[in-house]
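Asks: Right, I'll just put the structure down here and ask away after.
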Amino acid sequence: MAYQLANFPFLTALLLCCVAGLLAILAIPARHARAIKIVGAVFSGLTLVISIYLFIAYDQQSGGFQFVERVAWIPALGIAYYNGVDGFALPMLLLTGIVFFTAVLTCWEMELRVKEFFALIFLLVTGVFGLFMSLDLFFIFVWFDVSLFPMYLLIAIWGSTRKEYGAMKLTLYLLAGSALILPAIVYLVVHSGAMTFDLLALMEGDRFTPAQQRIAFFLLYIGFGILAGVFPFHTWSPVGHVAAPTAVSMIHAGVLMKIGAFGILRVGMFLCPEGWQYWAPLMAVLATCGIVYGTFVGLNQTDLKYVIGYSSVAHMGIVGLGLSTMTVDGINGAVFQMFAHGIMTALFFSSVGYIYDRTHTKAIAELGGLSRIMPRATSFFIIAALTGIGVPCLASFWGELVVFMSCVRVYPVAGALAIGALAVSALFMLRVVQKTCYGPPLEKFADLKDITAALAVPRVILVSVIVLFGLFPGLLFDMIHTATMHLIGLR
Amino acid sequence: MVPATPLPISLIVTAAALLLPLLAFGVIMLATRSRHRLSAAISIAAAGLSLLAAVYLLVQHWQIQAPLVFQAVWMVSGQMTIPIGILLDPLSLLMLAVVAAISFLVQIYSLGYMAGDPGFGRYYGCMSLFAWAMLTLTVSSSLLQIYIFWELVGLASYLLIGFWFDKFSASEAGKKAFVMTRTGDVAFLLGLVLLWLQLGTLDIPVLTDPAAVGAKLSPGMITLTALLIFGGIVGKSAQFPLLTWLPDAMEGPTPVSALLHSATMVAAGVYLFSRLFGFFSLSPTAMAVCLAIGTISMLLASTMAMVARDIKQVWAYSTISQLGFMLMGLGAGSLFAGTFHLITHAGFKALLFLCAGVFIHHCGTNDMFEIGRQGGRRLKSALVCTIVGAGALSGLPPLSGFFSKELILSHLLDSGHPVAFLAAAVGAFLTTYYSFRLIFIILFPRDADDAPSTKSHDGHHSAGGERSMAAVLWCLAGVTVVLGFFQTPLHDFLARAGTGVNAAMPAHHSWLPVAACMLAAVAIGQAWLEFGRKKARQIGWVERIPLLADLFGQRWYLDRLYRYLLDTLVYRGISRLFTANDRRVIDGALDGLGRSTIGLGRVIDWVHSGMIQYRLMIMVAAVISLILFIGWGG
């Protein structure tokens, strides 16, 4: 039995869960909105269960890629359906599972075109799961695009505040990114001397000269970096977040931005270590710019979602900074921060989403005194803000700490600036908390209801995850470390 | 880091003392927040058990010979191992007992003070959070762990200052406190990271071992890291130049001010200095900076206290000034003097704040003139206890403050810092003056005073609950009276197990106590002349000099300066510049790229418009230019 279980294709099952959910939703007539939501919750819950199982079942002692599945698809071109997960992919799968499930629960009260909305979300998440587990460059590119295109419709149809502009801007940016990634992948495959898209095969031996690696890494860094909100290609992100509906913002900031960083890591750093080394100082500079810049711009925003959008730019800057150090600790911290930021920002958007649904405004100046009116709903927001500030014993703290500690060793100035930005980030978050939650309760919001138990469930899950990994960061660090050692050992 | 004969029982007891408040916090916040009495019971039970555990540990280890270290790994990442542990030595045992005792007493007091407040449950939850963080901070075995709990203590402070978040001033004060201490913590974290890079560990026993540090760090590096860490101390202990958050923090409920913003949390900065005394003393520059900052803060805050009308503000300024005084003692090289003053101060300052709470509770105002007019002197126990506390603060024998103050003064004299000694004497004079100014104002109210009350009552709570409050006051007053006589046992205790306390007591100057008492007597006399005697107009000499009154009343314009810098530099400067850059330059360029792509499309579209005339025209033009080109070339 155990043997059979070990051979069970869990990764494909994960993808099939999404596809099955998608098909089931399409099969249900649109008028049964409630049934669609239940089906959505069940299938997204299943993906969460599988991703938790994978996380636990992964053998950290042996490390490397596990749960590998491989089916040749176009042998002539060396393209295969090739999946496997390591210590980098598993936290991302877990993150996707959590954010997906909670995002579906968050839009429990949604009414507009539920069927189409859920179908598109399922399609999007299929792409995300696929990308995190794929070990074939061709499939990585395909999954990348699969996860991008539903975004346009999701924002343009269900969004708010300049939604057409936001959707178009986001799509164009991300397509520009994929227009850089494809040439890079083709370039690498052509110069590999072997006709294969197999990521692991391409890593073996010194296939690429340093010059080739530099070219390819730069293209990949910018291409994926756009999605990761790397300065100065970040402006799509706040605009997109503002325009997107709550659940899409959660998935977008929580998971999609991680795809960018993960792509840099998985494709760029795995295949082009020399290029990585060459461009690392540039990465550090851009990441530091992102941290300082995002924090300061966030201070001046008047829209709640813009504030969170810019905080994401700053937090993803920390991820970039960690990756640029080229040290074990830096990478560990960066991947941890990817996970922590994903959960935190999902919590952020879901709590802001609730506030917006009730008050119908995101303008900070129009809000105030909400803690008296909806104490539970605002406490989720406050916890998210405290996580964003980097309060210890909440998950983000560890990612930031480890990245900063390794960064000061490699780039002292960048590290000092990033640590200095902590004080400003406190001002930035607490200012928003003060203006929205504190102060005397406003007359116009006096009749609003606090969050119900059902709607609180997804937020409670997110908070629990933040606290769990805040108190026991080792759960995640040990996992990430297996993959980092593997990566650094190769160099 | 060999755990010296691990005594599991000590470990279990300490862990219980630390974790019970955390448990209480979790239970209250998740389950019992709306049930007020139950929440209070849980929190007080946890604090009481922590106190019992702390006292047990203190008694058990009174004859401690070597520090006890228990460490476990919290997290590993590559070269980084972050331990979590407990370090029990005389310093941490004593501080643990002090924190646990004052937490417990203040929580009892709060039963009366906070009764009827709608946020009663939340209040006790935050108090438990604070107790957990602060107790763990005191026994932390590594500097990083101290930093972690240091931040959590800051979080508890933020939540408690802004407890009445309906009030703009309260939420503003909470934010200010958090951001200002965070500014100091940035330096702290930077120093800590640098130290870690050089040493490879942040365990306190290693840090305070001169041989281990000297082997790996250059003197310049020691000074740099010491000064950076000192930045954190400046923020947390509200020293110059980061001192303006503490007076604002008085927006919190009075018991919070007593516990966090006078007795324990702000003393964490000084405690950290004592904890790392062995490290700091390796850098003469850092010690000198510490002495200088302590002196400046002490004098500045004393002057501010002379003109304040708000009773809590006076004690807040006095806290800053006394913390500066402790740092002076430490900076002058005496670990025991600074630590002893920390302990005595924790007792009498908590007492003073809790008495102020009783006055505020009854009179419904923070303004001391108003309190006097409303018959504050009829509150006998609060008045007597205030006098006891103020006497200790002024260093009158035989109260506890007399012993600890005299110790610091004699150290300043012995260690060859005449300027600091003189400053300390001036500070002591001012301290006595403003303390008795307050007492005389409450004791001898004047009717004809045009000044309206500056501040309203700080809560929504009902009167009552006197018994629990009075019991706590008398308890603390008793401590204040007797603590001074335990100087020698405490000294012997602290000198054990190599914490860095000199085994020998300092030389005794027989004239010094007499001189200090005479100085205090003169200050009391001055206060009597201006505020006490029958015909006194109750206007101090400072207030008669408008320039000084304005300067002191405006906190030396530090607040204005910071506000101005924040507004112009941060909000209107960098932040707006970056935002404009984001909108115009980055977005502008990309939107421009989009527009020019569309424009290019139009041009190409026009070329491809398929109109025969244009095509013919272009063909003709091309042929002519070709002919011309060939003609010229040929």
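The values are calculated or read from the model by the stated rules, or taken from the named source; none is laboratory data. Computed from a predicted model, the values in this text were never measured in an experiment. Methodologically, a virtual Cβ is constructed for each residue, glycine included, from the backbone with ideal geometry; neighbour enumeration extends over all protein chains shown.
Asks: Tell me, yes or no, whether segment A:357-373 has at least one residue that is within 10 Å of another protein chain (Cβ to nearest Cβ) and among the β-branched types (V, I, T).
Replies: If we filter segment A:357-373 for residues that are within 10 Å of another protein chain (Cβ to nearest Cβ), which is where we start, we get A:368-369, A:371-372.
Then drop every residue that is not among the β-branched types (V, I, T), which leaves none.
Checked against the condition, which is being within 10 Å of another protein chain (Cβ to nearest Cβ) and among the β-branched types (V, I, T), segment A:357-373 yields no hits at all.
Asks: Can you tell me which residues in segment A:432-477 are at the interface with chain B (Cβ under 7 Å from one of its Cβ atoms), more than 19 Å from A:L394 (Cα to Cα) and crowded, with 16+ Cβ neighbours inside 10 Å? Steps first, answer last, please.
Replies: Taking segment A:432-477 first, the residues at the interface with chain B (Cβ under 7 Å from one of its Cβ atoms) are A:434, A:438-440, A:473-474, A:477.
Still in the running and more than 19 Å from A:L394 (Cα to Cα): A:434, A:438-440.
A:Q434, A:Y438, A:G439, listed by residue number.
Asks: Which one of these is out of contact with any Leu (no Cβ under 9 Å at 6 or more places or on another chain), aromatic (F, W, Y) and at pLDDT below 80: B:W511, B:W528, B:W606?
Replies: The conditions single out B:W606.
Asks: Oh, and also: Got at least one residue in segment B:391-414 being under 21 Å from B:S510 (Cα atoms), surrounded by 23 or more Cβ atoms within 10 Å (Cβ to Cβ), touching a residue at least 40 places away in the same chain (Cβ under 8 Å) and β-branched (V, I, T)?
Replies: Checked segment B:391-414: at least one residue is under 21 Å from B:S510 (Cα atoms), surrounded by 23 or more Cβ atoms within 10 Å (Cβ to Cβ), touching a residue at least 40 places away in the same chain (Cβ under 8 Å) and β-branched (V, I, T).
Asks: Still on this model: Report the residue count in segment B:550-593 for those that are more than 14 Å from chain A (Cβ to nearest Cβ) and among the acidic types (D, E).
Replies: Residues meeting the conditions: 2.
Asks: Right, something else. Give the residue, chosen from A:S160, A:S147, that is closer than 27 Å to A:C272 by Cβ, at pLDDT below 90 and in contact with a helix residue (DSSP H, G or I) (Cβ under 8 Å, 6 or more places away or on another chain).
Replies: A:S147
Asks: Is it true that B:S10 is surrounded by fewer than 21 Cβ atoms within 10 Å (Cβ to Cβ), among the hydroxyl-bearing types (S, T, Y), assigned to a loop (DSSP other than H, G, I, E, B) and at negative phi?
Replies: For B:S10, the condition - surrounded by fewer than 21 Cβ atoms within 10 Å (Cβ to Cβ), among the hydroxyl-bearing types (S, T, Y), assigned to a loop (DSSP other than H, G, I, E, B) and at negative phi - is not met.
Asks: Let me ask something additional. Within 20 Å of B:S274 (Cα to Cα), assigned to a helix (DSSP H, G or I) and either touching a Phe, Trp or Tyr at 6+ places or on another chain (Cβ under 7 Å) or of a type in the set (F, W, Y) (or both): does that describe B:I222?
Replies: Numbers: within 20 Å of B:S274 (Cα to Cα): yes; assigned to a helix (DSSP H, G or I): yes; either touching a Phe, Trp or Tyr at 6+ places or on another chain (Cβ under 7 Å) or of a type in the set (F, W, Y) (or both): no.
The answer is no for B:I222.
Here is a yes/no grid of residues against (1) of a type in the set (A, V, I, L, M); (2) modelled with pLDDT of 90 or more; (3) within 29 Å of the chain's Cα centre (by Cα):
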| site | (1), (2), (3) |
| --- | --- |
| B:A425 | yes, yes, yes |
| B:F429 | no, yes, yes |
| B:L443 | yes, no, no |
| B:K455 | no, no, yes |
| B:G464 | no, no, no |
| B:M469 | yes, no, yes |
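Asks: What number of residues within segment B:143-154 are free of Cβ contacts under 8 Å to residues at least 24 places away in the same chain and more than 11 Å from chain A (Cβ to nearest Cβ)?
Replies: 0
Asks: Additional query: Can you name every residue in segment A:411-420 that is under 13 Å from B:V186 (Cα atoms) and surrounded by fewer than 22 Cβ atoms within 10 Å (Cβ to Cβ)?
Replies: Those that are under 13 Å from B:V186 (Cα atoms) and surrounded by fewer than 22 Cβ atoms within 10 Å (Cβ to Cβ): A:A416, A:L417, A:G420.
Asks: On the basis of being part of a helix (DSSP H, G or I), under 15 Å from A:K258 (Cβ atoms) and of a type in the set (G, A, S), does A:A346 make the cut?
Replies: Yes; evaluated as a whole, the condition is true for this residue.
Asks: If you don't mind, another one. Would a scan of segment B:155-178 turn up a residue that is assigned to a helix (DSSP H, G or I), without any contact (Cβ under 8 Å) to a residue 12 or more places away in the chain and under 30 Å from A:V410 (Cβ atoms)?
Replies: No, segment B:155-178 has no match at all.
Asks: Identify, please: which residue in segment B:38-80 is over 14 Å from B:L20 (Cβ atoms) and among the hydroxyl-bearing types (S, T, Y) and is, among those, farthest from the other protein chains (Cβ to nearest Cβ)?
Replies: B:S39
Here's the yes/no breakdown for (1) of a type outside the set (A, V, I, L, M); (2) within 14 Å of another protein chain (Cβ to nearest Cβ); (3) under 21 Å from the mean Cα position of the chain (by Cα); (4) more than 23 Å from B:S297 (Cα to Cα):
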residue: B:T181; (1), (2), (3), (4): yes, yes, yes, no
residue: B:L197; (1), (2), (3), (4): no, yes, no, yes
residue: B:D203; (1), (2), (3), (4): yes, no, no, yes
residue: B:G220; (1), (2), (3), (4): yes, no, no, yes
residue: B:I233; (1), (2), (3), (4): no, no, yes, no
residue: B:L246; (1), (2), (3), (4): no, no, yes, no
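Asks: Another question, if that's okay. Could you tell me whether segment A:291-302 includes any residue that is of a type in the set (A, V, I, L, M), within 20 Å of B:L577 (Cα to Cα), modelled with pLDDT of 90 or more and crowded, with 24+ Cβ neighbours inside 10 Å? Spell out how you get there, then give the answer.
Replies: Step one: filter segment A:291-302 for residues of a type in the set (A, V, I, L, M), giving A:291-292, A:297, A:299.
Of the ones still in play, those that are also within 20 Å of B:L577 (Cα to Cα) are A:291-292, A:297, A:299.
If we keep only those that are modelled with pLDDT of 90 or more too, we end up with A:291-292.
The next check asks that each one be crowded, with 24+ Cβ neighbours inside 10 Å; those that pass are A:291.
Yes: segment A:291-302 contains one or more residues that are of a type in the set (A, V, I, L, M), within 20 Å of B:L577 (Cα to Cα), modelled with pLDDT of 90 or more and crowded, with 24+ Cβ neighbours inside 10 Å.
Asks: Would you check if A:V319 is out of contact with any helix residue (DSSP H, G or I) (no Cβ under 6 Å at 6 or more places or on another chain), in a helix (DSSP H, G or I) and more than 11 Å from chain B (Cβ to nearest Cβ)? So that I can check it myself, show each step before the final result.
Replies: Numbers: out of contact with any helix residue (DSSP H, G or I) (no Cβ under 6 Å at 6 or more places or on another chain): no; in a helix (DSSP H, G or I): yes; more than 11 Å from chain B (Cβ to nearest Cβ): yes.
Here the answer is no, as A:V319 does not meet what is asked.
Asks: Sticking with this structure for a sec: Which is under 24 Å from the mean Cα position of the chain (by Cα), within 14 Å of chain B (Cβ to nearest Cβ) and surrounded by 22 or more Cβ atoms within 10 Å (Cβ to Cβ), of A:V335, A:V328? Give the steps one after another, and end with the answer.
Replies: Numbers: A:V328 fails: surrounded by 22 or more Cβ atoms within 10 Å (Cβ to Cβ).
That would be A:V335, the only listed residue that is under 24 Å from the mean Cα position of the chain (by Cα), within 14 Å of chain B (Cβ to nearest Cβ) and surrounded by 22 or more Cβ atoms within 10 Å (Cβ to Cβ).
Asks: Name the one entry in B:S140, B:S157 that is under 29 Å from B:I86 (Cα atoms) and either at the interface with chain A (Cβ under 9 Å from one of its Cβ atoms) or in contact with a Lys or Arg (Cβ under 9 Å, 6 or more places away or on another chain) (or both).
Replies: Answer to the selection: B:S140.
Asks: Does B:M287 satisfy the criteria of being under 30 Å from B:Y113 (Cβ atoms) and either under 19 Å from the mean Cα position of the chain (by Cα) or assigned to a helix (DSSP H, G or I) (or both)?
Replies: So B:M287 does not fit the description; no.
Asks: Would you mind stating whether A:L175 is under 18 Å from A:A228 (Cα atoms) and either in a helix (DSSP H, G or I) or not charged (D, E, K, R) (or both)?
Replies: Numbers: under 18 Å from A:A228 (Cα atoms): yes; either in a helix (DSSP H, G or I) or not charged (D, E, K, R) (or both): yes.
Taking the combined requirement at face value, the residue satisfies it.
Asks: Does segment A:190-244 hold any residues that are aromatic (F, W, Y) and touching a residue at least 60 places away in the same chain (Cβ under 8 Å), and which are they?
Replies: If the condition is that a residue be aromatic (F, W, Y) and touching a residue at least 60 places away in the same chain (Cβ under 8 Å), then A:F197, A:F208, A:F217, A:F218, A:Y221, A:F231, A:F233, A:W236 are the ones that fit.
Asks: Please find, within segment A:390-421, the residue that is nearest to the other protein chains (Cβ to nearest Cβ) out of those that are among the aliphatic types (A, V, I, L, M) and in a loop (DSSP other than H, G, I, E, B). Quick ask: steps written out before the conclusion?
Replies: First, the residues of segment A:390-421 that are among the aliphatic types (A, V, I, L, M): A:391, A:394-395, A:401-403, A:405, A:408, A:410, A:413-414, A:416-419, A:421.
When the remaining residues are screened for being in a loop (DSSP other than H, G, I, E, B), the result is A:391, A:394-395.
Numbers: A:V391: 5, A:L394: 10, A:A395: 12 Å.
Of everything passing the filter in segment A:390-421, A:V391 is nearest to the other protein chains (Cβ to nearest Cβ).
Residue by residue, here is whether (1) assigned to a helix (DSSP H, G or I); (2) surrounded by 24 or more Cβ atoms within 10 Å (Cβ to Cβ); (3) in contact (Cβ under 8 Å) with a residue 40 or more places away in the chain; (4) among the basic types (K, R) holds:
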{"position": "A:L54", "(1), (2), (3), (4)": "yes, no, yes, no"}
{"position": "A:E69", "(1), (2), (3), (4)": "no, no, yes, no"}
{"position": "A:Y81", "(1), (2), (3), (4)": "no, no, yes, no"}
{"position": "A:G97", "(1), (2), (3), (4)": "yes, yes, yes, no"}
{"position": "A:T102", "(1), (2), (3), (4)": "yes, yes, yes, no"}
{"position": "A:W108", "(1), (2), (3), (4)": "yes, no, yes, no"}
{"position": "A:A119", "(1), (2), (3), (4)": "yes, no, yes, no"}
{"position": "A:L123", "(1), (2), (3), (4)": "yes, no, yes, no"}
{"position": "A:T126", "(1), (2), (3), (4)": "yes, no, yes, no"}
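Asks: Could I ask something else about it? Being closer than 30 Å to B:F444 by Cβ, free of Cβ contacts under 8 Å to residues at least 60 places away in the same chain, surrounded by 11 or more Cβ atoms within 10 Å (Cβ to Cβ) and among the aromatic types (F, W, Y) is true for just one of B:W528, B:W541. Which residue is that? Reasoning before the result, please.
Replies: Working: B:W528 fails: free of Cβ contacts under 8 Å to residues at least 60 places away in the same chain.
The conditions single out B:W541.
Asks: Looking at (1) over 21 Å from B:G232 (Cα atoms); (2) surrounded by fewer than 23 Cβ atoms within 10 Å (Cβ to Cβ); (3) facing chain A (nearest Cβ under 7 Å), which is the one condition that is false for B:K167?
Replies: (3)
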